[in-house]
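The values are calculated or read from the model by the stated rules, or taken from the named source; none is laboratory data. Worth saying up front: this structure is predicted, and the values here are computed from it rather than measured. A quick note on method: Cβ atoms are made from the backbone with ideal geometry, for glycine too, and the neighbour counts reach across all protein chains shown.
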Amino acid sequence: MFKTIVIKEFQENIRDSRFVVAMLLCMIIIPLGFFINAKDYQAKEQNDRDSVSLYDDSHKMVIDVMRLGGAAFRPSSPLSMLSGGVEHLLPTSVETVGYITNMGAQIQFINTRSLDSPLSFLYGRIDLSFIVAVIMSLLAMLFTYNSIAGEKEKRTLSQIMANAVPRNTVILAKMTAGSLLVGIVFLLGILLGLFVLMIMGHAIFSDAGLFGRFLLGVAASLLYILVFLNFGLLVSSLNRSALSAIVGLMVCWVALFLILPKASVIVAKIVRPVKSQQVIDIEKSQVRMQMQREEDQEIRQLQKSMPGVKDMTERDFFTKLRQGDENAKAYVKKQTEVQEQYRIKSDTELSRIDALYENQRRVQAEIARNISRLSPVSCFVHIMAELSNTGFAEYRAWQETRSRFKQVIDRDIASKFDMVRFGGMSMGGGGIDRKAPAPKVEYKPVRFGEVAATTWPDVLVLVIFGFVFFAGSYVVFLRYDVR
């Protein structure tokens, strides 16, 4: 009997115009989205290669970094066809600011990619995350809104139940038929999209890790579609007419897709306000200026109180220093100790500000993310972004890259500066090997283990949503009075 009902549901849906619409949408939009995003990635990849090549050509030695500044670059994500995520907000590089001094390098994020195609951010991307979150969820509800409510309205459900058919068999058969139909249509679109990517020679076919993530993205999409199939079945079970079921589904869809995710951000900002990045940068600039003033003042005091050099003129001091005068060398040693003290003090204070700010941002983001998990849409979007390396794990990785880059620049250049100041004159840089190879920091993509650790709560919540929705429709259907 189960097989008979599944075949009946399957045949009815295939003959319906909804099947034709679903087939056309999947066979056109999914491959088209893959093609557009693959072309976009190819253009970005070429720009990335050109940027790195130009930088390497002009930054061969340490002296080039000292004159022109240093940088480390983040390549575009080859899995952006799964989800663009927040890639347009992610840094394209980390670069030094101004001159590198003995106080250490100032490092900032640079984002030039957001300027390449502003209209795409205005209208949104056609990636798989958008197609599934919007189009496939609507199709799933379109296939299930009248599966029970329509039969109640036509009074055909009472005829089915007049036979010796267990109610659980009916509801399971309807769910199975809808899942198979929508799943087949979706996977056909995916296969055609993969064929398009194969013709274009996309990078995911040359890296098993990338292709594995792609398959996990498809699996997450199927889970999300199943959730909305179950949701459509639940709402259909609760209504006595197809019209009231579709209206109820549209209202709920708007709440799940638009209201809850956006409201979570607003609530998080109210509950845990955080200073803007501009304010933080100003605070850090004030700290640097204050540290520099304190250092200058202490060095002037040292110059005025140090025996053997306090009565020297600037010209006499540097002449004596070149001649190896012990008093001049003792002054340089003391000054270096003061400079190192303030460098450590400055790094500690700036790190404290960054850590405090990032912790506040992290807490705010966690509040927003936990609230947004009340919607399966948010869970799915988070999963796809992290799998594509266009999510918050990638941003955290680049914060670590910024720290590593600063450490490398400070180690290879700033710490060797040997700046000596006396009066209004300064001399330094003697300890730096200017012809040494330019320091570099290579890009390290987020490992899958970190992605799994970040996304498992969202996967679990999606599974719970699917189970709750189906259990709800199952219980409602079992308790329905067919009379």
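Right, G209: at positive phi and not assigned by TED's automatic domain parsing to the domain that holds L356 or not? Criteria not met by G209. Could you please let me know if L260 is closer than 18 Å to S473 by Cβ, buried (at least 16 other Cβ atoms within 10 Å of the Cβ) and in contact (Cβ under 8 Å) with a residue 24 or more places away in the chain? Considered against the rule, which asks whether it is closer than 18 Å to S473 by Cβ, buried (at least 16 other Cβ atoms within 10 Å of the Cβ) and in contact (Cβ under 8 Å) with a residue 24 or more places away in the chain, L260 comes out as no. Do we find that A368 is under 30 Å from V254 (Cα atoms), touching a residue at least 24 places away in the same chain (Cβ under 8 Å) and either within 19 Å of the chain's Cα centre (by Cα) or not in a helix (DSSP H, G or I) (or both) in this structure? Criteria met by A368.
Does F231 satisfy being closer than 30 Å to R155 by Cβ, crowded, with 16+ Cβ neighbours inside 10 Å and not polar (S, T, N, Q)? Against the criterion (closer than 30 Å to R155 by Cβ, crowded, with 16+ Cβ neighbours inside 10 Å and not polar (S, T, N, Q)), F231 qualifies.
All conditions but one from (1) touching a residue at least 60 places away in the same chain (Cβ under 8 Å); (2) part of a helix (DSSP H, G or I); (3) buried (at least 17 other Cβ atoms within 10 Å of the Cβ) apply to S179; the one that does not is (1). If you go through the range 234-279 and pick out every residue that is farther than 21 Å from L142 by Cβ, at pLDDT below 85 and in a helix (DSSP H, G or I), you end up with 3.
Only one entry of K333, K320, K304 meets the criterion of being crowded, with 16+ Cβ neighbours inside 10 Å and in a helix (DSSP H, G or I), and that entry is K320.
Does any residue of the range 37-60 turn out to be modelled with pLDDT of 85 or more and of a type in the set (F, W, Y)? Yes - at least one qualifying residue is present in the range 37-60.
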